[in-house]
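Novice: Okay, here's the structure, questions in a sec.
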Amino acid sequence: MLILTRREGEMLYIGDDIRVTVTEVSGNAVKIGIDAPDDVTIMREELVEGADTE
């Protein structure tokens, strides 16, 4: 697992097609925006059936 520190407004890229932006930090919550191609499925962990909960 890669662990990064980002500040509000900063981005990271996954491959050539996916951009993740930290849009807001408030207390212990972080809002992120994800720009990805339409064929990439993005789901919260709790919605994935049988997801590992490390």
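The values are calculated or read from the model by the stated rules, or taken from the named source; none is laboratory data. Worth saying up front: this structure is predicted, and the values here are computed from it rather than measured. Cβ coordinates were reconstructed from backbone atoms using ideal geometry, including for glycine residues, and neighbour counts include every protein chain displayed. What goes into the accessible areas is simple: the full protein's heavy atoms, side chains included, and nothing from ligands, DNA or RNA. Shrake-Rupley method; radii C 1.70, N 1.55, O 1.52, S 1.80 Å.
Novice: Given the C-alpha atoms of the chain, compute the convex hull and give its volume per residue in Å³. Intermediate results must be reported in sequence, preceding the final value.
Specialist: Details: hull volume 6.6 nm³, N = 54.
So the per-residue hull volume is 122 Å³.
Novice: Mind checking the dipole of the range 10-49: about its Cα centre, +1 per Lys or Arg Cβ, -1 per Asp or Glu Cβ, Debye to the nearest 20?
Specialist: Working: 3 positive and 10 negative charges, 48 e Å.
In debye, rounded to 20, the range 10-49 gives about 240.
Novice: Which longest run of the chain has no exposed loop site in it, a site being trypsin sites (Lys or Arg not before Pro) in a DSSP loop with at most 13 other beta carbons within 10 Å, and the site itself not part of the run? Don't jump to the answer; show the numbers that get you there.
Specialist: On the way: sites that count: 7, 44.
My reading of the result: 8-43 is the longest stretch.
Novice: Give me the percent of accessible area attributable to carbon and sulfur for the range 1-46, probe 1.4 angstrom. Walk me through the intermediate numbers first.
Specialist: Details: 2100 of 4220 Å².
That share works out to 50 percent.
Novice: Only Cα pairs under 8 Å and at least 6 apart count here; give the relative contact order of the chain as a rounded whole percent.
Specialist: Working: 54 pairs, mean separation 12.0, N = 54.
Across the chain, relative contact order equals 22 percent.
Novice: For the chain, what is the accessible area per residue in Å² when the probe is 1.4 Å?
Specialist: Here the per-residue accessible area is 95 Å².
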